[in-house]
1. Sum up the charges of everything whose Cβ sits under 15 Å from the Cβ of CYS93, counting Lys and Arg as +1 and Asp and Glu as -1, but leave CYS93 out.
2. I want the antiparallel fraction of DSSP beta bridges within region 64-132, as a percent rounded to 5.
3. Under a cut-off of 22 Å between alpha-carbon atoms, report the lysines in cross-link reach of LYS251, not counting same-chain residues fewer than 8 places apart.
4. Quick query: amide H of VAL205 versus all other amide H atoms, modeled in the peptide plane; which residues come in under 5 Å with a sequence gap of 5 or more or a different chain?
5. For LEU87, what residues show an amide H to amide H distance below 5 Å, using hydrogens built from the backbone and excluding near sequence neighbours?
6. With an 8 Å cut-off on Cα pairs and a minimum separation of 6 or more residues, tell me the relative contact order of region 1-74 in percent.
7. Give the peptides 121-129, 74-82, 165-173, 233-241 in descending order of average Cβ contacts within 10 Å, highest first.
8. Over region 104-255, what is the percentage of antiparallel beta bridges among all DSSP beta bridges, to the nearest 5?
Amino acid sequence: MKLEPIPAFEDNYIWAVHDGRYALFVDPGEAEPILSWLEQQRMQPVAVLITHHHGDHCGGLDGILERYDIPVYGPATERIRGVSHPLSEGAPCPIPELGLEFAVLDIPGHTPGHIAYLGMDWRCCGDTLFSCGCGKVFGSRPELLHASLSRIAKLPPTTLVCCAHEYTLENIRFALTVDPGNQALLDWQSQARYLRKAGLPTLPVTLGDELQRNPFLRCWQPEIHTNLAALAPHSDLTNEERTFIAMREAKNRFD
Ligand SMILES: [Zn+2]
């Protein structure tokens with residue numbers, strides 16, 4: 001089984017999961033990259049998975065469904081035209097052609113109904129977790145985003161995280177303001193620069209690596225806490241959840 005990020009728009013990735021014959025796609029914001037990829041690879045599409053309702057994640061559905069009659073899985077509590085199989089946590093998501101059975105997790109916070117798909121040893125998490133960053137909160141509450149990220153952090157460290165955007169280098173710039181002495185972060189910055197210069201994606205990443213360098217998964221570390229207190233002197237940093245929220249707000253001001 002292979003995982004492949006197909007670039008779309010300026011910095012989106014549509015993830016293809018395939019075995020060389022059949023393929024499924026996660027979050028097709030546009031149809032064209034998928035249609036030409038299928039033509040080049042001579043593969044047969046078998047399903048589409050959607051994590052949340054934002055247009056850059058599901059805008060390509062019409063164009064794909066015009067050409068192919070395939071099931072579309074998506075979050076049950078978000079209105080998305082084209083979704084044929086609405087899902088929430090625990091619902092079955094079988095892809096028999098690929099011999100896969102995804103586990104569905106409710107991970108609200110970026111949007112209220114955001115879901116993730118957990119495959120064999122990877123997870124497609126849409127806009128919830130990025131390398132060295134996390135999603136913004138749209139129409140939901142940061143407390144929920146914190147709770148969702150805390151759940152993700154407990155998955156096995158070898159889990160491959162398939163994020164939907166190439167935000168790594170921008171996120172590292174902010175991460176270094178709160179965690180400047182983190183060698184794992186500095187090493188990843190050099191490596192990510194090298195990859196981007198070569199035109200390569202920095203994704204997927206392992207959860208274990210992110211636990212060493214993503215400040216949103218490490219906001220309770222003493223050094224990060226101290227630096228954030230200096231950066232956001234009027235914020236409430238009395239517990240881990242409040243510290244996460246203060247960091248999310250500091251990142252919003254930084255962007
Ligand atoms: Zn989004």
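The values are calculated or read from the model by the stated rules, or taken from the named source; none is laboratory data. From a predicted model like this one, the values you see are computed outputs, not experimental measurements. Note: ideal-geometry Cβ built from the backbone for every residue, glycine included; neighbour counts use all protein chains shown. Protein only, heavy atoms only, side chains kept; ligands, DNA and RNA dropped before computing areas. Shrake-Rupley method; radii C 1.70, N 1.55, O 1.52, S 1.80 Å.
1. Values: positive: ARG123; negative: ASP27, GLU89, GLU97, GLU101, ASP106.
Within the 15 Å Cβ shell, the charges total -4.
2. If we restrict to bridges inside region 64-132, about 75 percent are antiparallel.
3. LYS136
4. Amide H to amide H, under 5 Å and 5 or more residues apart or across chains, VAL205 pairs with VAL161, CYS163.
5. Here the answer is GLY74, ALA76, since their amide H atoms fall under 5 Å of that of LEU87.
6. Relative contact order of region 1-74: 28 percent.
7. Values: 121-129: 24.4, 74-82: 17.6, 165-173: 19.8, 233-241: 11.9.
Packing order, densest peptide first, comes out as 121-129, 165-173, 74-82, 233-241.
8. Numbers: 9 of 12 bridges.
Antiparallel: roughly 75 percent of the beta bridges in region 104-255.
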